[in-house]
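Read the structure below first, then the notes.
The values are calculated or read from the model by the stated rules, or taken from the named source; none is laboratory data. All figures in this text were calculated on a predicted structure; none of them were measured in a lab. A quick note on method: Cβ atoms are made from the backbone with ideal geometry, for glycine too, and the neighbour counts reach across all protein chains shown.
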Amino acid sequence: MRTLFVRGIPRAFDDEALERVFEGEGMMRCFLIKKGERHKGIGFVEFESEEKAQDAMDKLNGKRVGDRELKIEFAKERTPFKERRKRKIQSLKESELSVKNEQDPFESLGPHAKVKSVAVGGVTVQLLP
């Protein structure tokens, strides 16, 4: 992998300031992760090769930049969106759900839920499979 994940980026930095930190290290591009107008103090830096990324990490990890200390690691590959969504749906199917003050609680569960028990007034009734 030739992309680094960088934490501890000073709030005053913009993309260009982050580029200046990594210039001369074989950096191809970088960007900050933003929330609204401000960045979250994290970003990604992509390099020409894995070796250049490793060298930059060795040289700059722990370096004090502005008022913060950079923490750098190799970026992790994300699971594809379809697979993440499938796992989320599966976990929702298996999770317990408490519905209060609903006229028809089963309607709010959706077509993928399996109701195993119902509690009314402190009494829980197990439903047949």
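So here's what we get for this one:
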quantity	calculated
Test: Gly66 is closer than 14 Å to Phe13 by Cα, in contact with a Leu (Cβ under 6 Å, 6 or more places away or on another chain) and not charged (D, E, K, R)	no
Criterion (at pLDDT below 90, surrounded by fewer than 16 Cβ atoms within 10 Å (Cβ to Cβ) and within 19 Å of the chain's Cα centre (by Cα)) met by exactly one of Arg38, Arg7	Arg38
Enumeration of residues in the range 48-89 that are assigned to a strand (DSSP E or B) and surrounded by 12 or more Cβ atoms within 10 Å (Cβ to Cβ)	Val65, Arg68, Glu69, Lys71, Ile72, Phe74
Tally of residues being in contact with a Phe, Trp or Tyr (Cβ under 6 Å, 6 or more places away or on another chain) and free of Cβ contacts under 8 Å to residues at least 24 places away in the same chain across the range 66-93	0
Members of the range 36-47 found to be acidic (Asp, Glu) and either farther than 14 Å from Leu18 by Cα or assigned to a helix (DSSP H, G or I) (or both), listed by number	Glu37
Subset of the range 11-25 (residues that are outside any helix (DSSP H, G or I) and either surrounded by 16 or more Cβ atoms within 10 Å (Cβ to Cβ) or in contact (Cβ under 8 Å) with a residue 60 or more places away in the chain (or both))	Phe13, Glu25
